[in-house]
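Trainee: Just passing along the structure, written as structure tokens.
The values are calculated or read from the model by the stated rules, or taken from the named source; none is laboratory data. Everything numeric here is computed off the predicted structure, so don't read it as measured data. Please note: Cβ atoms are built from the backbone with ideal geometry, for glycine as well, and neighbour counts cover all protein chains shown.
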Amino acid sequence: MGVGIEVSELNAWYGSNHTLQNINLRIPANHATALIGPSGCGKSTFVRCLNRMHETNPVGRVTGSVLIGQLDIYTQASPVEIRRRVGMVFQRPNPFPTMSIYDNVASGLRLNGYRNRVVLDEVVQRSLEQAALWEEVKDDLKKKSGASLSGGQQQRLCIARALAVDPEVMLMDEPASALDPVSTAKIEDLIFQLKSQYTIVIVTHNMQQAARVAENTGFFLNGRLVEFDATHKIFTNPRDKRTEDYITGRFG
Amino acid sequence: MEIRIQVPNVAGESERIQKPAGSSFPDSGSSQSPARAFLQSRRSSAFADRIFSAVILLCALCIFAIVALILYELVSGSRLSIDKFGVAFFFRSAWDPVNGDYGAFPFIYGTLVSSILALIIAVPLAVGVAVFLTEMCPGFLRAPLAFVTELLAAIPSVVYGLWAIFVLVPLLRDSVNPFLIRVLGWSGLFVEPNYGVGMFAGGVILAIMILPIVSSLTREVISAVPQAQREAALALGATRWEMIRMGVLRNARIGIVGAIILGLGRALGETMAVTMVIGNRPEISRSLLDLGYSMASVIANEFSEASDNLYLSALIEIGLALFIVTIVVNALARVLVWAVTRGAPVRGA
């Protein structure tokens, strides 16, 4: 089961560039939350702050607090511990090309010292089933490499890899933007099914996608969270003029 | 961003799209700009292209010609010795110019052992340097460190040899070798006599000499690994070392093997520095601290004093042996790379 996220006074910088300014936000558990906004508005930086990936950039800096469940991830745990509990799927599929499909999915558990083969087999199958990839790959789990799959399959493999460690939160940074419409639809179906068990935060350029998969939507602009509300309210009756301008296509 | 396609619905606008205002499509010949007139006056350059590809092809064929010529010269130069000793030359241990009895085995052994020793010492060090420089080094240190590493490659090998004689050999003789004899003496690889110079000193100096090439090539390979692979490992909760192992070295391993092969190639042929410290005695001994000899060293040392034709011919055949060993080692390395790559997929993303 997932846990909620509480973000307060979050600021982030790239060098001297103040990319996120005073973000305050509560993301409810076991729901999908979409983050929309034009390019460069800080939405990707924001999700990267939720698993402390932002600070892996040499010029990245963060202040403020992020509670995941009861845990303040910036003061009470190491980045490594956080990332075991918060899974992430990236914009471009990034399976490990030198590993088989099986090893890709098992990599998270193996990394943390898990060696029990029976359990690993189960986890790999369950994760691939959750990612709707099992039927397509079950015959060459150990024969084919992760890179031999199509782009859409690779992305579902990456989702399976993230699910295998049973995270409490799943971050998705434009998971379908590099994919064709059919693969995109599959990823969206997946998010729809997964959100009852995991807290999902999805960054997207695609407003229809936000409307289709997420209960709540946040609109970012120039490093600020302009508006955060139930998705249907954002799309039918936004409070802020800038949100309205964006969703009606007047800019962006 | 979403791509929105504007469909023009005003009559005037759709007309403008079919024939944009302000531009016309004149028939060729009428009122041309100077640039267009110039471009149209140029003839097709198919002939120049053919000349170009012929010249390039010639350059490529030169390589084959040079290799073939070297092989021919080596074989014809060593005719005398080949006739006298046959294939057995490569497996005989005799080296007696006075009685005209020659064999290449101690030299082949010395070249291979000192090179392998060099790889064993240099490869972990070189990969470590490369990983440090690409993954962990603070920005201000990176450029100077990389520069100094590459500077090592620019030092002439005779300078390495001098340094080895005056610094490395005393150090090995007085501190390192006694320690190795105490700790690893049981293996028979490190036993008295301890001269300082010898096979081990040759291996160490070779290791220092191939370090820059292996580490700079490894660095190139590592920096070519996509950042997304590092992030993939980090996002799974990898520590820095685990990220380097899983996201970096695993992806770079084929390139690293390539870097090692190039380093090995350099070690096999290295002459001067090795000659100065390997001990120059054509005998095979189990102890690495004992004196040895390498193929390149014997040629460099004895070519000028080869007093009769058979001696000269034997030395040229040693050159042939070096040529063959280099080719065989490279071929084996190709097979190794092929074997490693076979299971591995093409690089995705």
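Trainee: Counting only residues that are in a helix (DSSP H, G or I) and surrounded by 14 or more Cβ atoms within 10 Å (Cβ to Cβ), how many does the range B:66-93 have?
Mentor: 11
Residues checked against (1) of a type in the set (Gly, Ala, Ser); (2) within 14 Å of chain B (Cβ to nearest Cβ); (3) within 18 Å of A:Met88 (Cβ to Cβ):
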site: A:Glu122; (1), (2), (3): no, no, no
site: A:Arg126; (1), (2), (3): no, no, no
site: A:Lys142; (1), (2), (3): no, yes, no
site: A:Gly152; (1), (2), (3): yes, yes, no
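Trainee: For A:Glu168, indicate whether it is over 19 Å from A:Arg26 (Cα atoms), of a type in the set (Asp, Glu) and out of contact with any His (no Cβ under 7 Å at 6 or more places or on another chain).
Mentor: Judged against the criteria, A:Glu168 is not a match.
Trainee: Ok, one more. Report yes if A:Leu179 is touching a residue at least 12 places away in the same chain (Cβ under 8 Å), surrounded by 14 or more Cβ atoms within 10 Å (Cβ to Cβ), assigned to a helix (DSSP H, G or I) and of a type outside the set (Gly, Ala, Ser), otherwise no.
Mentor: Answer is no for this residue.
Trainee: Determine which member of the set B:Ser45, B:Ser41, B:Ser14 is more than 30 Å from B:Leu312 (Cα to Cα), at pLDDT below 85 and touching a Pro at 6+ places or on another chain (Cβ under 7 Å).
Mentor: Exactly one of B:Ser45, B:Ser41, B:Ser14 is more than 30 Å from B:Leu312 (Cα to Cα), at pLDDT below 85 and touching a Pro at 6+ places or on another chain (Cβ under 7 Å), namely B:Ser14.
Trainee: Right, another one. Condition test on A:Val213, is it within 12 Å of chain B (Cβ to nearest Cβ), in contact (Cβ under 8 Å) with a residue 12 or more places away in the chain and buried (at least 18 other Cβ atoms within 10 Å of the Cβ)?
Mentor: Judged against the criteria, A:Val213 is not a match.
Trainee: Another question, if that's okay. Condition (residue is surrounded by fewer than 21 Cβ atoms within 10 Å (Cβ to Cβ), under 24 Å from the mean Cα position of the chain (by Cα), within 27 Å of B:Pro144 (Cα to Cα) and more than 14 Å from chain A (Cβ to nearest Cβ)) applied to the range B:196-205: is it met by at least one residue?
Mentor: No, there is no match, as no residue in the range B:196-205 is surrounded by fewer than 21 Cβ atoms within 10 Å (Cβ to Cβ), under 24 Å from the mean Cα position of the chain (by Cα), within 27 Å of B:Pro144 (Cα to Cα) and more than 14 Å from chain A (Cβ to nearest Cβ).
Trainee: Look at the range A:60-92 and say how many of its residues are over 28 Å from A:Ser177 (Cα atoms) and either part of a helix (DSSP H, G or I) or within 14 Å of chain B (Cβ to nearest Cβ) (or both).
Mentor: Going through the range A:60-92 one residue at a time, the tally reaches 4.
Trainee: Let me ask something else. Among the candidates A:Pro167, A:Pro97, which residue alone is touching a residue at least 12 places away in the same chain (Cβ under 8 Å) and closer than 15 Å to B:Ala235 by Cα?
Mentor: One residue alone meets the criteria, A:Pro167.
Trainee: Would you confirm whether any residue within the range A:9-28 is acidic (Asp, Glu) and at positive phi?
Mentor: Yes, the range A:9-28 has at least one match.
Trainee: Can you pull out the residues in the range A:71-110 that are in contact with a Lys or Arg (Cβ under 7 Å, 6 or more places away or on another chain), surrounded by fewer than 23 Cβ atoms within 10 Å (Cβ to Cβ) and over 22 Å from A:Leu149 (Cα atoms)?
Mentor: Passing the criteria: A:Pro79, A:Ile82.
Trainee: Can you tell me which residue in the range B:280-304 is nearest to B:Leu184 (Cα to Cα), limited to those that are among the hydroxyl-bearing types (Ser, Thr, Tyr) and not in a loop (DSSP other than H, G, I, E, B)?
Mentor: The residue in question is B:Ser297.
Trainee: Take the residues in the range B:235-279 that are more than 14 Å from chain A (Cβ to nearest Cβ) and not in a helix (DSSP H, G or I), then tell me which one is farthest from A:Ala147 (Cα to Cα).
Mentor: The selected residue is B:Gly279.
Trainee: Do we have B:Val197 as part of a helix (DSSP H, G or I) and in contact (Cβ under 8 Å) with a residue 60 or more places away in the chain here?
Mentor: no
Trainee: Tell me whether the range A:37-47 contains one or more residues that are touching a Lys or Arg at 6+ places or on another chain (Cβ under 7 Å) and within 13 Å of chain B (Cβ to nearest Cβ).
Mentor: yes
Trainee: Among what's in the range A:93-113 and is more than 7 Å from chain B (Cβ to nearest Cβ) and among the aliphatic types (A, V, I, L, M), pick the residue that is nearest to A:Glu129 (Cα to Cα).
Mentor: Only one residue tops the list, namely A:Val105.
Trainee: In the range A:137-150, what count of residues is obtained for those that are loosely packed, with under 15 Cβ neighbours inside 10 Å and out of contact with any strand residue (DSSP E or B) (no Cβ under 8 Å at 6 or more places or on another chain)?
Mentor: Result for the range A:137-150: 4.
Trainee: Taking the condition in contact with an Asp or Glu (Cβ under 6 Å, 6 or more places away or on another chain) and touching a residue at least 24 places away in the same chain (Cβ under 8 Å), does B:Pro212 pass?
Mentor: yes
Trainee: If you don't mind, another one. Kindly evaluate B:Pro170 against the criterion of being of a type outside the set (S, T, N, Q), surrounded by fewer than 16 Cβ atoms within 10 Å (Cβ to Cβ) and not in a helix (DSSP H, G or I).
Mentor: The answer is no for B:Pro170.
Trainee: Ok, one more. Scan the range B:218-234 residue by residue and report those that are assigned to a helix (DSSP H, G or I), of a type outside the set (A, V, I, L, M) and surrounded by fewer than 22 Cβ atoms within 10 Å (Cβ to Cβ).
Mentor: Across the range B:218-234, the qualifying residues are B:Glu220, B:Ser223, B:Gln227, B:Arg230, B:Glu231.
Trainee: Of B:Asp101, B:Asp96, which residue is touching a strand residue (DSSP E or B) at 6+ places or on another chain (Cβ under 9 Å) and loosely packed, with under 14 Cβ neighbours inside 10 Å?
Mentor: B:Asp96
Trainee: How about the range B:289-312: which of its residues are of a type in the set (Ser, Thr, Tyr) and crowded, with 22+ Cβ neighbours inside 10 Å?
Mentor: B:Tyr293, B:Ser294, B:Ser297
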